[in-house]
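To keep things clear, I will list the structure first and then write my remarks on it.
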Amino acid sequence: MDTMTRPYTICYLNVSAECHIDGDFGRLPEAAPATEIFRQRWLDMYADATIYGAVTMALFTAGRVVELPKAKHTYSCEDYAAPCETCRYYVCISPDGGIAYDSPTIEVRSRGVHGIIHVLTEDISDDYLEYLREQGISYIFCGKEKLDPVLMMEKLYSKFGIKKAIISGGAYADWTLLPHGLIDEIKTMLVPVVDGDPHSNTLFKRFEGDESQPVALSLADVERVEGDGLMITYKPKNVREN
């Protein structure tokens, strides 16, 4: 009997030795061996979905919407599943919309073709809903004015059959799930490079003004890999039963 209510979720990131998730550290040849192992193990996990925040998702799409035409129709706050020939997805956490799409699917390197699911709140405009439908993009409502991450993960499982997900940035998106017990593993590949970038983000970052909610972790594994990289696996102690 299936008792799952949400996807098994792995926060998986390639980071500098000071745990920056972005910056110039990947440019050095010393980062290449561990990074290649990171990419291969991503594929080996066979995740049903990859979850990104708005800034990261925009890197894989047409960027940000500049202006939308006025909607011809009004839409109720009902989830919409667009026709999709694949059962693997990229999920965009961007409740206020703003992401521009030029295709109903995304294909990146050797990951294959993925459909798209956009996560919204109910205060989104009809203009953006109509835009998503015209682009062939599925969407789900997860909260009225503020994102409900628990509801989001439940819907990804119940409506799209997503049993395993990778969340991989940005820092705000990663933190959105962690305090709610929605991340089962945190796996980071530390490459042997530091860059000291003052503008880089680390693994997790909460929005200014949000309540401080520290999360304790249990060390599950440390593995030294080719090229002096370290694959470190933690399991959050607040994880929800699933």
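Every number here is computed from the coordinates shown, using simple stated rules; none is lab data. Remember, predicted model here, so these are calculated numbers, not experimental data. Using ideal geometry, Cβ is built from the backbone for each residue, glycine included, and neighbour counts are taken over all protein chains shown.
Charged side chains reduced to their Cβ positions (Lys and Arg at +1, Asp and Glu at -1) give region 49-162 a dipole of some 380 debye around its Cα centre.
Quantify how much of the Cα-Cα distance distribution of region 51-107 extends past 18 Å, in percent. Of the Cα pairs, 43 percent sit more than 18 Å apart. Beyond 20 Å, what share of the Cα-Cα pairs of region 97-182 is found? Please give it as a whole percent. Tail of the P(r) past 20 Å holds 40 percent of the pairs.
In terms of the mean number of neighbouring beta-carbon atoms within 10 Å, the peptides 41-53, 164-176, 228-240 order highest first as 164-176, 41-53, 228-240. Using the charge dipole of the chain (Lys, Arg: +1 at Cβ; Asp, Glu: -1 at Cβ; taken about the Cα centre), state which of MET57, ALA171, SER110 has its Cα farthest towards the positive end. My answer, from the dipole projection, is SER110. If you plug the beta carbon distance of HIS73 and GLU36 into 1/(1 + (r/R0)^6) with R0 = 41 Å, you get a FRET efficiency near 0.30. The local environment of TYR89, defined by Cβ-Cβ distances under 15 Å, has a net charge of +3 under the rule Lys, Arg +1 and Asp, Glu -1. Coordinate range of the alpha-carbon atoms in region 5-65 per principal axis, descending: 39, 32, 19 Å. The Rg/Rh ratio for region 8-157 is 1.00, where Rg is the radius of gyration of the alpha carbons and Rh is the Kirkwood radius. For ILE116, nonlocal amide neighbours, meaning residues 5 or more places apart or on other chains whose placed amide H falls under 5 Å from its own, are TYR90, SER138. In a reduced charge model with +1 at each Lys and Arg Cβ and -1 at each Asp and Glu Cβ, the chain shows a dipole moment near 460 debye about its Cα centre. Straight Cα distances below 24 angstrom link LYS237 to the lysines LYS155, LYS163, LYS164, LYS187, LYS205, with same-chain residues fewer than 8 positions distant left out.
With the helix formula -39500 (n - 2.57) applied to DSSP H stretches of n ≥ 4, the chain reaches a computed 222 nm mean residue ellipticity of -5500 deg cm²/dmol. Between the alpha-carbon centres of region 57-84 and region 187-242 there is a gap of 32 Å. The phi-based Karplus calculation (6.51 cos²θ - 1.76 cosθ + 1.60; θ = phi - 60°) puts the 3J(HN,Hα) values of region 180-189 at 8, x, 9, 10, 8, 9, 10, 10, 10, 9 Hz, whole numbers, x for Gly and Pro. Placing dummy labels 7 Å off each Cα toward the beta-carbon, the span from LYS163 to ASN238 is 2.9 nm.
Sites listed here are GluC sites (Glu not before Pro) in region 5-112 whose DSSP assignment is loop and whose Cβ has at most 14 other Cβ atoms within 10 Å: GLU67, GLU78, GLU85.
Mind giving me the FRET efficiency for LYS144 and ALA216? R0 is 25 Å, r the Cβ-Cβ distance, nearest 0.05 is fine.
Computed FRET efficiency for LYS144 and ALA216 comes out at 0.20.
With a Förster radius of 25 Å applied to the C-beta separation of GLU226 and ASP197, the computed FRET efficiency comes to 0.50.
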